[in-house]
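Read the figures in this text as sums done on the coordinates, not as results from a lab. The structure displayed is predicted, hence computed values, not measured ones. Here the Cβ positions follow ideal geometry from the backbone for every residue, glycine too, while neighbour counts run over all protein chains shown.
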Amino acid sequence: MRAATLVRAASESIYAALTTAAGLDAWFTQGAQVDARPGGFIRFRWENWGPDRVNAEDGGPVLVAEPGRRFVFQWHPDLPDYATTVEIELIPEDNGTIIRLSEHGFQDTASGRAALMNCAVGWGEALTLLKFYCEHGLHY
């Protein structure tokens, strides 16, 4: 799964919105926890999220943390017995930053394929929310 978008903001501010609890909670989560260093962790938490009022929590280890450039972590969007890897790359451009996000490691099962589709839609929504937050200060 791959997604990309251009955000008219500096890569450092986008990185902070992705890799700090305060940054994530400003536009995406409620009660996130982040230790943004290799060997650290990320924990997403949602309460009454979206029109379906989703309550969920998940996370995993941080694998790569290069401020302003790259952030890689694992989590469990399908089953708790295996993790997928999310890779986020920030590429500075003259008019902002391109965010390239990929996720891989889904199992080739019915639930793995469903999780892949849900994550593809979810990451698209997340990148849109992140864009609105970084460019205009708008919250979910």
* To do: Please work out which residue is nearest to GLU12 (Cα to Cα), limiting yourself to segment 53-89 and to residues that are in contact with a strand residue (DSSP E or B) (Cβ under 7 Å, 6 or more places away or on another chain) and of a type in the set (Asp, Glu).
  => GLU89
* Could you grab me the full set of residues in segment 34-69 that are assigned to a strand (DSSP E or B) and surrounded by 17 or more Cβ atoms within 10 Å (Cβ to Cβ)? => VAL34, ILE42, ARG43, PHE44, ARG45, TRP46, GLY59, GLY60, VAL62, ALA65
* Asked: Looking only at segment 75-104, which residues are in contact (Cβ under 8 Å) with a residue 24 or more places away in the chain, more than 11 Å from the chain's Cα centre (by Cα) and closer than 19 Å to PHE44 by Cα?
  -> PRO77, ASP78, LEU79, TYR82, THR84, HIS104
* Asked: How many residues are surrounded by fewer than 18 Cβ atoms within 10 Å (Cβ to Cβ) and either under 16 Å from ILE98 (Cβ atoms) or of a type in the set (D, E, K, R) (or both) when one looks only at segment 128-140?
  -> 2
